[in-house]
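S.K.: Let me give you the structure first, and then I'll get to my questions.
The values are calculated or read from the model by the stated rules, or taken from the named source; none is laboratory data. If you're wondering where the values come from, they're calculated on a predicted model, not measured in any experiment. Glycine gets a Cβ as well: all are built from the backbone with ideal geometry, and neighbour counts include every protein chain shown.
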Amino acid sequence: MRFQGKISEWNDDKGYGFVEPNGGGERTFIHIKSFKSRARRPANGDLVIYEVEKDSRQRSNAVNVSFPHERSLQRKRGGSNVSLVWPLLFISSIFALTLFQRIPAIILIVYISLSIITFIAYAIDKHAAQNNHWRTQESTLHLLALLGGWPGALSAQQLLRHKSAKVEFRQVFWVTVFMNLLLLCGLTMSDPGRAMLGTVTTEILHLIAPWA
């Protein structure tokens with residue numbers, strides 16, 4: 001069982017003290033070696049999360065000790081890594097489908113191009129927020145995601161830590177992702193959609209032919 005408590009009577013020279021559980025109860029001996037991380041030294045008043053074990057003399061000792069913010073940071077880092085997997089998997093899937101000629105190359109080009117543009121837009125908006133400059137409208141970021149830039153948006157939210165904690169924004173963002181995927185399915189899995197993609201691809205090739 002894990003407990004949360006506050007450090008008291010900490011002797012930093014000797015590296016030990018006591019931890020008093022929240023809500024009252026018997027205090028427990030705590031040693032510096034019991035901390036999972038040595039990133040910083042404990043101090044009186046610090047909140048810690050810990051387990052209790054009995055030693056050979058049946059004295060209570062705190063073990064597997066960590067600071068609450070460290071556990072939160074680990075969860076965030078783990079969540080970030082998982083979130084970055086999705087855009088990579090999606091782009092890889094689109095690349096594979098293009099390679100095997102299941103979908104036209106224009107789709108891959110659009111997703112990669114818009115993802116790069118969207119990532120840059122997030123970076124610019126974060127820089128503007130930090131320096132009190134003119135901000136990019138959220139509707140613009142959502143539009144870019146809807147059109148196909150959502151892999152870049154999701155990457156920017158995690159790597160840049162921008163717009164990743166705003167609940168309302170994230171809710172609308174995931175709606176744009178869902179709508180974009182529906183549009184992708186409609187364009188690639190229906191006859192009218194495939195015909196439209198063929199027409200668009202042909203027109204683009206005609207436009208770039210003089211410069212090729």
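S.K.: Out of curiosity, is residue 100 under 19 Å from the mean Cα position of the chain (by Cα), closer than 27 Å to residue 85 by Cα and assigned by TED's automatic domain parsing to the domain that holds residue 86?
M.R.: Values: under 19 Å from the mean Cα position of the chain (by Cα): no; closer than 27 Å to residue 85 by Cα: yes; assigned by TED's automatic domain parsing to the domain that holds residue 86: yes.
For residue 100, the condition - under 19 Å from the mean Cα position of the chain (by Cα), closer than 27 Å to residue 85 by Cα and assigned by TED's automatic domain parsing to the domain that holds residue 86 - is not met.
S.K.: When the stretch 143-171 is examined, which residues are found to be surrounded by fewer than 18 Cβ atoms within 10 Å (Cβ to Cβ), assigned to a helix (DSSP H, G or I) and free of Cβ contacts under 8 Å to residues at least 60 places away in the same chain?
M.R.: Answer for the stretch 143-171, where residues must be surrounded by fewer than 18 Cβ atoms within 10 Å (Cβ to Cβ), assigned to a helix (DSSP H, G or I) and free of Cβ contacts under 8 Å to residues at least 60 places away in the same chain: 143, 147, 167, 168, 169, 170, 171.
S.K.: So for the stretch 174-184 (the condition being outside any helix (DSSP H, G or I) and over 16 Å from residue 115 (Cβ atoms)), does at least one residue qualify? Walk me through it before giving the result.
M.R.: Step one: list which residues in the stretch 174-184 are outside any helix (DSSP H, G or I), which gives none.
Taking every residue of the stretch 174-184 in turn, none turns out to be outside any helix (DSSP H, G or I) and over 16 Å from residue 115 (Cβ atoms).
S.K.: Could you go through the stretch 149-160 and let me know if any residue there is of a type outside the set (A, V, I, L, M) and more than 20 Å from the chain's Cα centre (by Cα).
M.R.: Initially, the stretch 149-160 is screened for residues of a type outside the set (A, V, I, L, M), giving 149-152, 155, 157-158.
With more than 20 Å from the chain's Cα centre (by Cα) added as a condition, the list becomes none.
Checked the stretch 149-160: no residue is of a type outside the set (A, V, I, L, M) and more than 20 Å from the chain's Cα centre (by Cα).
S.K.: Also, quick follow-up: If a residue must be aliphatic (A, V, I, L, M) and surrounded by fewer than 17 Cβ atoms within 10 Å (Cβ to Cβ), how many such residues does the stretch 92-105 contain? Before you say what the answer is, go through the steps one by one.
M.R.: The first filter runs over the stretch 92-105 and keeps only residues aliphatic (A, V, I, L, M), leaving 94, 96-97, 99, 103, 105.
Those still in the list that are surrounded by fewer than 17 Cβ atoms within 10 Å (Cβ to Cβ) too: 96-97, 99, 105.
Total satisfying the criteria: 4.
S.K.: Within the stretch 49-65, track down each residue that is more than 14 Å from residue 1 (Cα to Cα) and either surrounded by 16 or more Cβ atoms within 10 Å (Cβ to Cβ) or among the polar types (S, T, N, Q) (or both).
M.R.: Step one: list which residues in the stretch 49-65 are more than 14 Å from residue 1 (Cα to Cα), which gives 55-59.
Residues satisfying the conditions are 56, 58.
S.K.: Going through 83, 37, 93, 115 one at a time, which residue ends up being of a type outside the set (D, E, K, R), modelled with pLDDT under 85 and in a helix (DSSP H, G or I)?
M.R.: Residue meeting the stated conditions: 83.
S.K.: Farther than 16 Å from residue 110 by Cβ and at pLDDT 90 or above, is that true of residue 158?
M.R.: Details: farther than 16 Å from residue 110 by Cβ: yes; at pLDDT 90 or above: no.
No: the conditions fail for residue 158.
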